[in-house]
Amino acid sequence: MVELPRVFKVRQHFQAVECEDVAAEVETQLTRLDLGQTIKHGDTVAISAGSRGIANIHTAIRAIVQHVQSLGGEPFVVPAMGSHGGGTAEGQRAIVEGYGMTEEFLGCPIKATMETHIVCQADEGFPVHFDKYAWEADHVIVCNRIKPHTNFAGDIESGLMKMMLIGLGKHNGAKIYHRAINDYSFGQIVRSVAKEVLDKCGVVAGVALVENQFDHTALVEAVAPDDFESREKELLLLAKQYMPSIPFEEVQFLAIDEMGKDISGSGMDTNVIGRKYNDHKATGDETPRVKYIAVRGLTPVTHGNATGLGMAEFCRSRVAREVDQKITRINCITGGHITAAMSPLDYETDYEIFDVVTQSVGLTEPQDIRFVWIRNTLDVAEFICSEAYLSQVQQREDLEQISELHELPFDQEGNLPDFVQQALTGEPDL
């Protein structure tokens, strides 16, 4: 039997900022905008809800609903998620409800449709689409997390402006915008469409959320429409500063317990795995430089959408069986990232994947492989790594060794525990 590396558990130490009461902060921030000057008694207000697993998103959306109701407005929530949910209204409503945003919890209706209104023609010559129910509302409030995009780089990436573009553009808009991005650039198209939406679609406010290194809400800020672009640039810099990372430059084998649309638009965040510009290797000064990735599972709330799986070289066979090929392909084709829907090599057991990797990493002896094992790309505060990193971890103040060296904890079938938190200590998954 091949001698595999011994492993140990590591904790990263972050200087994390955290918002203690998200609902109260949403109320405080929206009050600052004095929306009562615009939203009158009986006015309808559409509130966007996206498809990401954003920390406290259900709490934030409900707080927006309650603020609108306090002004005498009649709020409702619209799923704003491009082609996700299989490109169907039912699928998108199910995603919203899966994050706890039921009508009962929110205290308002959810109006899901894939129909769009064509607002105008953009300067680049394509139609600007906007969710039908949001178009018919008197006002619109946009809510989204500000973070680095998984494919596009610039001073505006993923946030309020992208939500107006891709999210509220629904499948019709997402398709044409991604095509336009291929001919122009993300920065040009997002600004072009956002200009038309802000001018013509009744957007009265944005609620921006920024997360810390523990995937908790760090900041909530209500933004006036005229300030969307300038403030989003500033919040993006903050989001990059707060973003968690794998703290090593070189990784030969990265195991990821779970991926899914609730984790990242690309299933696993390319900013964390070092593959923003190339599916299978880091480019330029990207880190970590990861040679092989194995995906061990899909999150339940991704509903089989395995967008991004094509960036992994390996996966457990159970992952391949869970993939909904139809919705995955719709999402990847719409997003212009066709290779993200491709299939990696799949094996029934983790041990089989290790066996292939040891044959494929060059002259490194199997016991010396630089191996890292994380739960997902949002949760890297604690992880397991191989003995090859031991001296580095012991010398760094931001890293703490929290277990002794152990053999890899394979069971009799040759599989590791389902979640990294359960490995080495036997602690339950938290």
**OP:** May I ask you to sort Leu209, Leu30, Leu71 by Cβ crowding, counting other Cβ atoms within 10 Å and putting the fewest first?
**Re:** Leu71, Leu30, Leu209
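What does the helix-only formula give at 222 nm for the chain: each DSSP H stretch with n ≥ 4 adding -39500 (n - 2.57), the total divided by the residues, and the result rounded to the nearest 500 deg cm²/dmol? Numbers along the way, then the final one.
Numbers: 13 runs with 124 residues, N = 430.
Taking each H run of at least 4 residues, the total per residue is -8500 deg cm²/dmol.
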Subject >> Bins of 20 Å, starting at 0 and running to the largest distance - Cα pair percent for the chain >> reply: 27, 54, 19, 1
Original post:
What is the magnitude of the charge dipole of segment 245-422 about its Cα centre, with +1 placed on the Cβ of each Lys and Arg, -1 on the Cβ of each Asp and Glu, and no other charges, expressed in debye to the nearest 20?
Top reply: 920 debye
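For the chain, with only Lys/Arg (+1) and Asp/Glu (-1) charged at the beta-carbon, what is the dipole magnitude about the Cα centre, in debye rounded to 20?
Values: 37 positive and 64 negative charges, 259 e Å.
Computed about the Cα centre, the dipole is about 1240 debye.
Test of understanding: express the Cα radius of gyration of segment 198-317 as a ratio to 2.2 N^0.38 Å, with N the residue count.
On the way: Rg = 17.0 Å, N = 120, 2.2 N^0.38 = 13.6 Å.
Scaled against compact globular proteins, the figure is 1.25.
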**OP:** Report the normalised scattering of segment 124-246 as log10 I(q)/I(0) at q = 0.14, 0.18 Å⁻¹, calculated by the Debye formula with identical scatterers on the alpha carbons.
**Re:** -0.58, -0.93
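How large, in Å, is segment 22-242 by the Kirkwood hydrodynamic radius built from its alpha-carbon pairs?
Numbers: mean 1/r = 0.0588 Å⁻¹.
Kirkwood hydrodynamic radius for segment 22-242: 17.0 Å.
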**OP:** Evaluate the charge dipole of segment 22-242 about its Cα centre and quote only its size in Debye, nearest 20, assuming +1 on the Cβ of each Lys and Arg and -1 on the Cβ of each Asp and Glu.
**Re:** 400 debye
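Which of the pairs Lys132/Lys200; Lys291/Lys326; Lys132/Lys170; Lys132/Lys195; Lys111/Lys132; Lys147/Lys233 have their Cα atoms more than 20 Å apart in this structure?
Values: Lys132/Lys200 13 Å; Lys291/Lys326 29 Å; Lys132/Lys170 10 Å; Lys132/Lys195 18 Å; Lys111/Lys132 10 Å; Lys147/Lys233 10 Å.
Checking Cα-Cα distances, Lys291/Lys326 exceed 20 Å.
Are there trypsin sites (Lys or Arg not before Pro) in segment 13-111 that DSSP puts in a loop and that have at most 15 other Cβ atoms within 10 Å, and which ones?
On the way: sites: Arg32, Lys40, Arg52, Arg62, Arg93, Lys111; in loops: Lys40, Arg52, Lys111.
Sparse-neighbourhood loop trypsin sites (Lys or Arg not before Pro): Lys40.
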Subject >> Two-decimal Rg/Rh across segment 344-430, once Rg and the Kirkwood Rh are taken from alpha-carbon atoms >> reply: 0.96
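What FRET efficiency comes out for Glu407 versus Ser360 if R0 is 25 angstrom and r is the Cβ-Cβ distance? Round to the nearest 0.05.
Details: r = 22 Å, r/R0 = 0.87.
Efficiency computed from Cβ-Cβ geometry: 0.70.
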**OP:** Taking H placed 1.01 Å from N in the peptide plane, check which residues at least 5 places from Asp346 or on another chain put their amide H under 5 Å from its amide H.
**Re:** Cys315
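Going highest first, how would you order 33-39, 385-391, 79-85 by mean Cβ packing within 10 Å? Please list the in-between numbers first.
Working: 33-39: 16.0, 385-391: 19.1, 79-85: 28.9.
Averaged packing, sorted descending, gives the order 79-85, 385-391, 33-39.
Here, each number is a calculation from the coordinates, and none is a lab measurement. The structure presented is a predicted model; accordingly, all values stated were derived computationally and were not measured. Note that we place each Cβ from the backbone using ideal geometry, even for glycine, and neighbour counts take in every protein chain shown.
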